[in-house]
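The values are calculated or read from the model by the stated rules, or taken from the named source; none is laboratory data. Owing to the predicted nature of the structure, the values given are computational and were not obtained by experimental measurement. All Cβ positions, even for glycine, are placed from backbone atoms using ideal geometry, and neighbour counts span all protein chains on display.
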Amino acid sequence: MITFVQVLDFIGTFAFAISGIRLASAKRFDWFGAYVVGFVTAIGGGTMRDVLLDVTPVWMTDPMYLLCTAFSLFWVIAFSKYLIHLNNTFFIFDTIGLALFTVVGFEKAITLGHPFWVAIIMGSMTGAAGGMLRDVFINEVPLIFRKEIYAMACVIGGLSYWICMLMELEAYQCQIICGVVVFLARTLSVKYNICLPVLKGE
């Protein structure tokens, strides 16, 4: 039986892979290079999370991540003409992946018996680390290090998940609320140019 979290994981993998492949195409990568960037974007955060949680990274036990990334590549190739004209394509898919992977990371840490603050960190890592590796691969300053609200959106979402747990809501309700909060926090921060203060040197 496929769980709700597994569905979110699949959709998040698809969305994050597309965001990576979309940026790789803008950098004129070949198909293999674009696939690698998409795959790293999709599994990077989850791999770091699983290593810290002392479990086998999920992509090493399930070929779904490899196949999903391949499907994402073919999807971008097939609809490249439409995606090029949509300037916000990257932002949409990146934000969807960020929201869904935050839920997946938080849920996994909680399921393994870790306290909520660990779950928030794991959720944030699952959501943001893949994008960080993607930006390094394509030689860009990672979004997580810029003024934009990115990883902080994951933290806010994780806190909302914990609050929902304290309110004894159903698991799927906590997951939906967390994902929506991350998506809205990221979207509204960009729309209204809400940024964290910049640390200034001498």
(request) Give just the number: which of (1) in a helix (DSSP H, G or I); (2) farther than 24 Å from Glu140 by Cα; (3) of a type outside the set (Ser, Thr, Tyr) does Ala34 not satisfy? (result) (2)
(message) Give all pairs with beta carbons closer than 7 Å in which a residue from region 47-67 that is farther than 21 Å from Phe116 by Cα and modelled with pLDDT under 95 meets a residue that is surrounded by 11 or more Cβ atoms within 10 Å (Cβ to Cβ) and of a type in the set (Lys, Arg); count only pairs at least 6 apart in sequence or on separate chains.
(response) none
(request) Search region 168-192 for residues being of a type outside the set (Phe, Trp, Tyr) and surrounded by fewer than 10 Cβ atoms within 10 Å (Cβ to Cβ), and hand back the single one that is farthest from Ala109 (Cα to Cα). (result) Lys191
(message) Condition first: over 18 Å from Met125 (Cα atoms) and either acidic (Asp, Glu) or assigned to a loop (DSSP other than H, G, I, E, B) (or both). Now tell me which residues in region 67-106 satisfy that.
(response) Phe79, Leu86, Asn87, Asn88
(request) Please determine, by comparing only the residues of region 97-116 that are among the aliphatic types (A, V, I, L, M) and surrounded by fewer than 22 Cβ atoms within 10 Å (Cβ to Cβ), which one is farthest from Phe4 (Cα to Cα). (result) Leu112
(message) Take Gly20 and tell me if it is crowded, with 21+ Cβ neighbours inside 10 Å, in a helix (DSSP H, G or I) and modelled with pLDDT of 95 or more.
(response) no
(request) Would you check which residues across region 37-66 are β-branched (Val, Ile, Thr) and assigned to a helix (DSSP H, G or I) and list them? (result) Val37, Val40, Thr41, Ile43, Thr47, Val51, Val58
(message) Condition first: over 14 Å from the mean Cα position of the chain (by Cα) and not hydrophobic (A, V, I, L, M, F, W, C). Now tell me which residues in region 155-186 satisfy that.
(response) Ser160, Tyr161, Glu168, Glu170, Tyr172, Gln173, Gln175
